[in-house]
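To start, the structure itself, in structure tokens.
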Amino acid sequence: MTLKNLGLVLHGAKDIRLEERAFADLEALDVRVEFKVGGICGTDMHYYNDGQNAGFEMQSPVCLGHEMVGVVAEIGTKVTRVAVGDHVAVNPIMPCGSCPACKEGRPNICHNKRFPGSATVIPHVDGFFQQFPVVSEENCWKLPKDLPLELAAFAEPLSCALHAVVRAGSVVGKNVLITGAGPIGLLVAACAVVAGAANVIVTDLADGTLEVAKKLGVTETINVLKNPERLEELKANTGFFDVAFEASGAFPALETCYTLTRRGGTVMLVSVLPNKPNELKLNQFMLKEQSLLGSSQFTDEFEKSIALLAGNKIDVRPMLTHQFSFAEADKAFNIAKDRNQSVKVQFVA
Ligand SMILES: [Zn+2]
Ligand SMILES: [Zn+2]
């Protein structure tokens, strides 16, 4: 039986086409997944809008998408992890397993990592916004059948958020700042709340997304355009926060992070900042002896994220604002970009 496999292929900035992709035979350890729900991520939006992300420019057409859940449609002869009909979430990180980073247990920073739906390697690896993506069984995580797929599709971004919080060390009893209430910032906030932070304060320029933050249980939200005085108050005594997460992708927000973080505190960079020069006053890190850390994707947090979602420990429903079919791709990407309207936009099949 040969089925069609239509995928959302980006040919260049703002040029996305629904077209046929390979429907290849499976290798022994491959799993063919029938796409059900996939979230649009900031990475997808960068490629769609600019044809590049974090400095990686598209060299050839590529199918986008790396946040995906679906139903196992077919398995290779040696697959044991999942069976046909299982609901699965797909971990998109494809590490080499043998480089120094992999040996250190850090597949997220693998030197030879392949990441679907991106231009980080040439030839690019197709992403999951296609009807029947094929992945290795080790990337498939079986989901409980009572976990709605639209919620399970948050497993990947939630893993990124969880990894950032884990990297910051214990946040129990700490004051935590998150600049940027996009999907990742909101999920970092939710993780910090669950992890026992004393105060979780979220900033943004848009009220709509700050309303969503309130539903996730944060202590306070600040619209920095409307209430810059509040930031000044939090700057007192060298800074109110023990840990700040920059999740907005804007240089001024990173400055807010280190000026509002106390001496000896930690600033965690989770966002993709503009790939251009900046005029940040980085002496702050030396003068206040702060740690500046980066967090990229995740390591062993994928399974934990599924458990958090399945156990209803983190309720992502307030974040899910829109769903579209592949045929409505341009509309989906445009709404995803409008932060007054949307938080998380998903494709559904
Ligand atoms: Zn993502
Ligand atoms: Zn590696």
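The values are calculated or read from the model by the stated rules, or taken from the named source; none is laboratory data. What you are looking at is a predicted structure, and each value in this text was computed from that prediction instead of being measured. As a convention, Cβ positions derive from the backbone with ideal geometry for all residues, glycine included, and neighbour counts pool all protein chains shown. Heads up: the accessible areas ignore ligands, DNA and RNA and are worked out on the full protein's heavy atoms, side chains in. Shrake-Rupley method; radii C 1.70, N 1.55, O 1.52, S 1.80 Å.
Filter segment 92-116 for residues that are within 16 Å of ligand 1 (Cβ to nearest atom) and of a type in the set (Lys, Arg); which is surrounded by the fewest Cβ atoms within 10 Å (Cβ to Cβ)? Please lay out each step first, then the result.
Filtering segment 92-116 down to residues within 16 Å of ligand 1 (Cβ to nearest atom) leaves 92-94, 107-109, 113-116.
If we keep only those that are of a type in the set (Lys, Arg) too, we end up with 113-114.
Details: LYS113: 21, ARG114: 16.
Here the residue is ARG114.
Which condition breaks for ILE184 when tested against (1) closer than 19 Å to GLY265 by Cα; (2) part of a helix (DSSP H, G or I)? Among (1) closer than 19 Å to GLY265 by Cα; (2) part of a helix (DSSP H, G or I), ILE184 violates only (1).
Screening segment 281-349 for helices (runs of 4 or more DSSP H) wholly inside it with 3 or more residues that are charged (D, E, K, R) returns the ranges 301-310, 329-337. Return yes when GLU67 is charged (D, E, K, R), open to solvent by 10 Å² or more (accessible area, probe 1.4 Å), assigned by TED's automatic domain parsing to the domain that holds PHE35 and more than 16 Å from ligand 2 (Cβ to nearest atom) and no when it is not. Against the criterion (charged (D, E, K, R), open to solvent by 10 Å² or more (accessible area, probe 1.4 Å), assigned by TED's automatic domain parsing to the domain that holds PHE35 and more than 16 Å from ligand 2 (Cβ to nearest atom)), GLU67 does not qualify.
Does ASN53 count as more than 16 Å from ligand 2 (Cβ to nearest atom) and either among the polar types (S, T, N, Q) or in the same structural domain as PRO116 (by TED's automatic domain parsing) (or both)? Taking the combined requirement at face value, the residue satisfies it.
Among the residues of segment 152-164, the one identified as in contact with a Cys (Cβ under 6 Å, 6 or more places away or on another chain) and open to solvent by 10 Å² or more (accessible area, probe 1.4 Å) is LEU162.
Can you pull out every residue in segment 245-264 that is among the aromatic types (Phe, Trp, Tyr), over 12 Å from THR203 (Cβ atoms) and open to solvent by less than 20 Å² (accessible area, probe 1.4 Å)?
TYR258 - this is the single residue of segment 245-264 that is among the aromatic types (Phe, Trp, Tyr), over 12 Å from THR203 (Cβ atoms) and open to solvent by less than 20 Å² (accessible area, probe 1.4 Å).
Mind checking whether some residue in segment 30-44 is of a type in the set (A, V, I, L, M, F, W, C), at pLDDT 95 or above and surrounded by fewer than 21 Cβ atoms within 10 Å (Cβ to Cβ)? There is no residue in segment 30-44 that is of a type in the set (A, V, I, L, M, F, W, C), at pLDDT 95 or above and surrounded by fewer than 21 Cβ atoms within 10 Å (Cβ to Cβ). For CYS99, state whether it is assigned by TED's automatic domain parsing to the domain that holds LYS145 and within 16 Å of ligand 2 (Cβ to nearest atom). It is true that CYS99 is assigned by TED's automatic domain parsing to the domain that holds LYS145 and within 16 Å of ligand 2 (Cβ to nearest atom). With the requirement that a residue be open to solvent by less than 40 Å² (accessible area, probe 1.4 Å), within 20 Å of the chain's Cα centre (by Cα) and not hydrophobic (A, V, I, L, M, F, W, C), what does segment 193-232 give you? Answer for segment 193-232, where residues must be open to solvent by less than 40 Å² (accessible area, probe 1.4 Å), within 20 Å of the chain's Cα centre (by Cα) and not hydrophobic (A, V, I, L, M, F, W, C): THR203, ASP204, GLY208, THR209.
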